[in-house]
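Just so it is clear, none of the values below were taken in a lab; they were calculated from the coordinates. The shown structure was predicted, so the numbers you read here are calculated from the model rather than taken from an experiment. Neighbour counts run over all protein chains shown; Cβ positions are idealised from the backbone, glycine included.
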Amino acid sequence: MPDTDWTPKYKRVLLKLSGEALGHGGKSGISLDEAAAIGEQLKRVVARGVQLAVVVGGGNILRGAQFSAGGETIKPATADYMGMLATVMNGLALQDTLEAMGVETRLQSAVRMETVAEPYIRRRALRHLEKGRVVILAGGTGNPFVTTDTAAALRGTELGVEVVLKATRVDGVYNADPEVNEFAEKYDRLTYDKVMRDGLRVMDMGAFDMCRTAKLPILVFNYKRDRAIERAVAGEPIGTIVAG
């Protein structure tokens, strides 16, 4: 992809970033270098006139599931709320990273904490997008027992995006785990029915069903590839696209 000459395929997108994307390669904490690398791409995407919403995870800081073996000391719902707070920390880091690059942002949280983030209000989020601001969506859905995949599907549907860009460590959807099976085959394109019929892992099934019902395409791609987020927005054939 040339540095300056590309045209976006989509006008409004939702990028789903795992917490690991902002982490230190398997270690806990926030990597400013990783945040900056992602931020540079997002800056160039917004400069193309794309309306961008970002759902952030919190796995680099805390996963609710890590308390599952702790007996009754920490309840599952409490653990999930702790994970939601971790996504707000990542959201703050991404917000400051982008604003240091001159990109206007708004951080909205489904868990109310007005001293650090706006509450998530759909109409307000839409207005920010229309004004060219990156809307960072933290706090999941505000409810326990669902994943940030569900938050991405829900917010993508609410905000009328054209595609959910799911950034992962793997360059698409395979018929087996490519990190375990060297003969796993990658799909370039899938239908919703094929995913359901073969039990393929695209995102958690509740989130996937929400996208399927809304006919909202999902692009699964490896964010570590060179300028992968920009290439995804440009509509280049990377990753796996799941559509009707």
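Quick notes
- Rounded to the nearest 20 debye, the dipole size of the chain about its Cα centre is 780 debye, using +1 on the Cβ of Lys and Arg and -1 on the Cβ of Asp and Glu.
- Rg and Dmax of the stretch 124-171, based on Cα coordinates, read 11.9, 34 Å.
- The chain - mean residue ellipticity at 222 nm from DSSP helices (-39,500 (n - 2.57) per run, n ≥ 4, rounded to 500): -10500 deg cm²/dmol
- Using θ = phi - 60° in the Karplus curve 6.51 cos²θ - 1.76 cosθ + 1.60, the 3J(HN,Hα) couplings for the stretch 135-151 round to 9, 9, 10, 10, x, x, 9, x, 10, x, 6, 10, 9, 6, 4, 5, 4 Hz; x is entered for Gly and Pro.
- Mean separation of Cα contacts under 8 Å (6+ apart) over length of the stretch 5-53, as relative contact order %: 52 percent
- Gaussian network model of the chain, springs between alpha carbon atoms under 10 Å - residue of I136, I74, I61 with greatest fluctuation: I74
- Shown here for the stretch 175-205: chymotrypsin sites (Phe, Trp or Tyr not before Pro) in loop regions (DSSP other than H, G, I, E, B) with at most 14 other Cβ atoms within 10 Å, namely F183.
- Interatomic Cα distance distribution for the stretch 110-191, bins of 5 angstrom, percent: 3, 12, 18, 19, 16, 11, 10, 7, 5, 1, 0
- Note on I74/E162: beta-carbon distance plugged into 1/(1 + (r/R0)^6) with R0 of 25 Å gives a FRET efficiency of 0.05.
- Links that overshoot a 21 Å alpha carbon limit, given the list K27/K186; K9/K215; K11/K131; K9/K186; K9/K43: K27/K186; K9/K186
- Every pair of different Cα atoms in the chain enters the Kirkwood calculation, which places the hydrodynamic radius at 18.1 Å.
- Mean separation of Cα contacts under 8 Å, 6 or more apart, over the residue count of the chain: relative contact order %: 22 percent
- Listed residues V161, G58, I218: farthest to the positive end of the dipole of the chain (Cβ charges): V161
- Here the stretch 1-145 is treated as an ellipsoid with the same Cα gyration tensor; its semi-axes, largest first and in whole Å, are 29, 18, 12.
- For the stretch 113-244, the normalised intensity computed at q = 0.16, 0.17, 0.18, 0.20 Å⁻¹ comes to -0.88, -0.98, -1.07, -1.26 (log10 of I(q)/I(0), Debye sum over alpha carbons, equal scatterers, no solvent).
- Under 5 Å from the amide H of I136 lie the amide H atoms of V54, R106, L107, Q108, each residue being 5 or more positions distant or on a separate chain, with H modelled from the backbone and absent for Pro and chain starts.
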